[in-house]
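See below for the structure under consideration.
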Amino acid sequence: MKIVIAPDSFKGSLSSEEAAKAIRDGILRAMPAAETVLIPMADGGEGTVDSLVQATQGSKISVPVRGPLQDEVIATYGVLGDGVTCVIEMASASGLELIPEEHRNPMLATTYGTGQLIRHALDHGYRSFILALGGSATNDGGSGMLQALGLRLLDADEREIDTGGQALSDLKRIDASMWDARVIRESRFIIASDVTNPFIGPQGASYVFGPQKGATPEMVETLDAALTNWADVMEAHTGIAVHHLPGAGAAGGLGGAFQAFFPASTKRGIDVVIEMTKLKEQLQDAQLVITGEGQTDAQTASGKAPMGIAQAASKLGVPAIVLSGSVGQGIEKLYEYGMTSIHSIVNGPMTLKEAMCRTPELLAQKAEQVMRTFLAGRKKEV
């Protein structure tokens, strides 16, 4: 029996690779002769580089860059096994997890380091990019990223503005004389993002995502006004109005910068990972797929890994079982996407800290139990 094991990470506990190995351990206890294929997954956010590098037998490159609050951080991007394609997680250079909660400030946070990663890859000859937009600390509309690639953003006195979302209030003009021409003339970009929010307004980057990054209600209003000014100046320069474009609000407006200045196409994050890991090919002759994540609830239907995997499996008639650190509200709708069953791995009363410490053990145990039940059902059918 061939079983595909394709979990996302269990945030704070296990990487997707570690989770896959724990699930495999449980399966083999129930069925030692099972053929298991491990495909660690991600949905375009954290873990995307690791997932795609491992799946393609690629490599990783570490680079010192400016972090979201200007301090130096070591960020990493991946080169896929084809030796041609780079995969960059913006969170590696500009992510929320890089800043202690008490210091988070989207008025100042910048995507400059993300631009430095792109420039480093360009300098080393890479021209094909996958950019994952999840987990940002920023609300600068991608301005820092563009500044790192040579775009000059000028105020009324023809001086360069500072980085960060608040500084965009002072922007009057764009000078593209130093813009890195390799972006347009030589490169292609796939943007991996599930966010459909517009650039500005009540459903835009500042109002919807700003509070998660430390913005007060007053900051949200200031940031939305600053992004509106930025969108106006971008439109005057490029002819592209990103104000209300779907997806432009991703990663604090970074999605809008890509839409205005890059030769880019946007795809659902999990679809990019499924394609690059060749998951569908492995499902062709599989009898079961087991996936998982840290929390399964109604939000899983917004494009998280288990939903995308279940959809792919359902089209091929392969049962899809989800093992989750916890199961929340709204899972009933998930069965419409092809999920066969959803299971919490927690087996009794315990604190969150204990559950997270015991995740490998609990995950293997639940995988064994699920596998035994699955095998019993198949015997009964025969």
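Coordinate-derived values only; no laboratory data. In this text, all values refer to a predicted model and were calculated from it rather than measured experimentally. FYI the Cβ positions are ideal-geometry reconstructions off the backbone, even for glycines, and counts take in every protein chain you see.
Compared with the direct C-alpha span, the chain from R29 to R159 gains 40.2 nm at full extension, assuming 0.36 nm per residue.
Which whole-angstrom value gives the distance between the alpha carbon centres of segment 117-172 and segment 309-382? Value for the Cα centre distance between the two parts: 42 Å.
Other residues whose C-beta falls under 11 angstrom from the C-beta of S92 contribute a net charge of -3, scoring Lys and Arg +1 and Asp and Glu -1.
Calculate the length of the line joining the C-alpha centroid of segment 69-96 to that of segment 234-274, in whole Å. So the separation of the two Cα centres works out to 19 Å. For the residue pairs K21/K315; K11/K333; K213/K280, the alpha carbons lie more than 29 Å apart in K213/K280. Dipole magnitude for segment 233-312: about 60 debye, using +1 per Lys or Arg Cβ and -1 per Asp or Glu Cβ, origin at the Cα centre. For the listed residue pairs K304/K379; K278/K379; K2/K366; K60/K278, the alpha carbons are over 24 angstrom apart in K304/K379; K278/K379. Between F262, F129, F199, the Gaussian network model of the chain with springs among Cα atoms under 10 angstrom shows the greatest mean-square fluctuation at F262.
Restricting the calculation to Cα atoms, the chain shows an Rg/Rh of 1.02 when the hydrodynamic-style radius is the Kirkwood one. When only Cα pairs below 8 angstrom with a gap of at least 6 residues are kept, the chain shows a relative contact order of 18 percent. With the dipole of the chain worked out from charges on the C-beta (+1 for Lys and Arg, -1 for Asp and Glu) around the Cα centre, which of G214, H124, L375 lies farthest toward the positive end? The one lying farthest along the dipole's positive direction is L375. Taking every DSSP helix (H) stretch of at least 4 residues in the chain, weighting each as -39,500 (n - 2.57) and dividing the sum by the residue count yields a mean residue ellipticity at 222 nm of -11000 deg cm²/dmol.
Simple spin-label estimate for W179 and Q57 gives 4.1 nm between the two label positions (7 Å along the Cα-to-Cβ direction from each Cα). Around the Cα centre of segment 25-75, unit charges on the Cβ atoms of Lys, Arg, Asp and Glu (plus for the first two, minus for the last two) sum to a dipole of about 100 debye.
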